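The values are calculated or read from the model by the stated rules, or taken from the named source; none is laboratory data. Predicted model, so just to flag it, every value in this text is computed and none were measured. Here Cβ is always computed from backbone atoms with ideal geometry, including for glycine, and neighbour counts include all displayed protein chains. Keep in mind that these areas ignore ligands, DNA and RNA; they rest on the heavy atoms of the full protein, side chains included. Shrake-Rupley method; radii C 1.70, N 1.55, O 1.52, S 1.80 Å.
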Amino acid sequence: MHHHQIKTIKIPDEWIVSGGAGVTVAIIDSDIGDFKSPNLIKKYSLSNNGIYRNSHCSAVCEIITKVAPYCKIIVSQALNNRVGDYAGLIRAIDNIKNDEFDIVNFSLSTKENKQIVKDKIDLLSKKAILIAAMANDYSNSYPAMYSNVVSVSSFKKSNIDADIYCDDSFMFGNDNIKKTGNSMSTAFVSGIFALAKSYNKYFTKEDIVKQLLGK
């Protein structure tokens with residue numbers, strides 16, 4: 001286990017006040033479950049075999065909107081429950097290609113570097129200031145490993161190489177949100193990016209990451 005120096009992220013107070021107003025986060029994930037919120041402006045579903053009440057995606061949405069309560073969210077489903085394939089992932093990305101958004105949250109990862117996925121991520125990165133994706137515990141993880149994506153990991157997984165490490169246990173007074181792990185850390189970081197972009201719309205990805213890491 002190579003323990004590199006893990007820096008705790010520091011969120012500047014002035015970002016928090018912005019609340020994420022004026023920023024839209026696109027979430028590529030599972031079925032949205034029973035998450036309901038005025039923040040949700042659009043959703044794309046796969047033909048679904050049943051709705052999962054407390055889905056992975058509902059936890060991700062809950063975290064992002066708790067961190068950035070005024071941001072807008074778009075959800076595009078790539079997975080059925082927690083299972084997905086490349087066709088679903090590609091369709092989920094294609095669904096949002098004409099939408100306006102600032103940040104894309106991928107609380108999912110694949111082990112293969114597929115050119116078609118890389119091409120789609122490149123297109124997203126021309127539109128979005130920032131794409132956050134979770135790093136995988138076991139091996140290479142995409143899209144997290146692409147250079148135009150910020151990879152996120154939980155503090156508890158310091159053997160994983162990631163750009164940003166943060167907490168992964170969120171309660172937020174909601175008993176349904178007891179999920180932990182890198183995907184929840186990623187949602188938290190996407191929420192923080194929404195705050196930063198809301199605070200200063202001219203911030204680049206590099207500006208935000210530098211400030212978060214206190215560099």
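Looking at the range 131-140, can you tell me whether even one residue there is within 16 Å of the chain's Cα centre (by Cα), surrounded by fewer than 23 Cβ atoms within 10 Å (Cβ to Cβ) and modelled with pLDDT under 85? Yes, there is a match, as at least one residue in the range 131-140 is within 16 Å of the chain's Cα centre (by Cα), surrounded by fewer than 23 Cβ atoms within 10 Å (Cβ to Cβ) and modelled with pLDDT under 85. For the range 170-183, the count of residues that are buried (at least 24 other Cβ atoms within 10 Å of the Cβ), at pLDDT 75 or above and polar (S, T, N, Q) is nonzero.
Suppose the filter is at pLDDT below 80, farther than 21 Å from Ala144 by Cβ, open to solvent by 60 Å² or more (accessible area, probe 1.4 Å) and of a type in the set (Val, Ile, Thr); does Ile41 pass it? So Ile41 fails the test. The residues of the range 102-113 that are open to solvent by 10 Å² or more (accessible area, probe 1.4 Å) and at pLDDT 90 or above amount to a single one, Asp102. Which condition number in (1) under 17 Å from Val189 (Cβ atoms); (2) outside any strand (DSSP E or B) is the one that Asn105 fails? Only one criterion is unmet by Asn105, namely (2). Being of a type outside the set (Phe, Trp, Tyr) and in a loop (DSSP other than H, G, I, E, B) is the filter; apply it to the range 184-215 and report the residue that is modelled with the highest pLDDT. Filtering the range 184-215 for residues that are of a type outside the set (Phe, Trp, Tyr) and in a loop (DSSP other than H, G, I, E, B), the one modelled with the highest pLDDT comes out as Asn200. Could you please let me know if Ala92 is at pLDDT below 90 and either assigned to a loop (DSSP other than H, G, I, E, B) or open to solvent by less than 10 Å² (accessible area, probe 1.4 Å) (or both)? No, not satisfied. Report yes if Gln115 is among the polar types (S, T, N, Q) and in contact (Cβ under 8 Å) with a residue 40 or more places away in the chain, otherwise no. No, not satisfied.
Taking the range 25-34 as the range and being open to solvent by less than 20 Å² (accessible area, probe 1.4 Å) and either at pLDDT 95 or above or in a loop (DSSP other than H, G, I, E, B) (or both) as the test, the residues that pass are Val25, Ala26, Ile27, Ser30, Asp31, Ile32, Gly33.
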